[in-house]
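This report refers to the structure that appears directly beneath it.
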Amino acid sequence: MATDDLAEALELRDELLMACREVLLQVGTRQSSSLVAAIDALLDLDDEASPGSQR
């Protein structure tokens, strides 16, 4: 049960990160580009840690 809760929490976090990423891409500043890169790196790390996950 705790594993299910963790998986759901991570899925919700990923959805929030993706929504933030989309907004940041529209801003178009150097700072927003840096944040997009950080989000991408975080999501890539998650994918490496759990190869079966979908982004």
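Every number here is computed from the coordinates shown, using simple stated rules; none is lab data. Since the model is a prediction, treat every value here as computed from it, not as a measurement. Ideal geometry is used to build each Cβ from the backbone, glycine not excepted, and the neighbour counts take in all protein chains shown.
Tabulated results
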{"quantity": "Least to most buried among Asp46, Asp4 (fewest other Cβ within 10 Å first)", "calculated": "Asp4, Asp46"}
{"quantity": "Extension gain, Leu12 back to Leu45 (0.36 nm per residue minus Cα-Cα distance, nm)", "calculated": "10.2 nm"}
{"quantity": "Ranked Val36, Val23, criterion: other C-beta atoms within 10 Å, fewest first", "calculated": "Val23, Val36"}
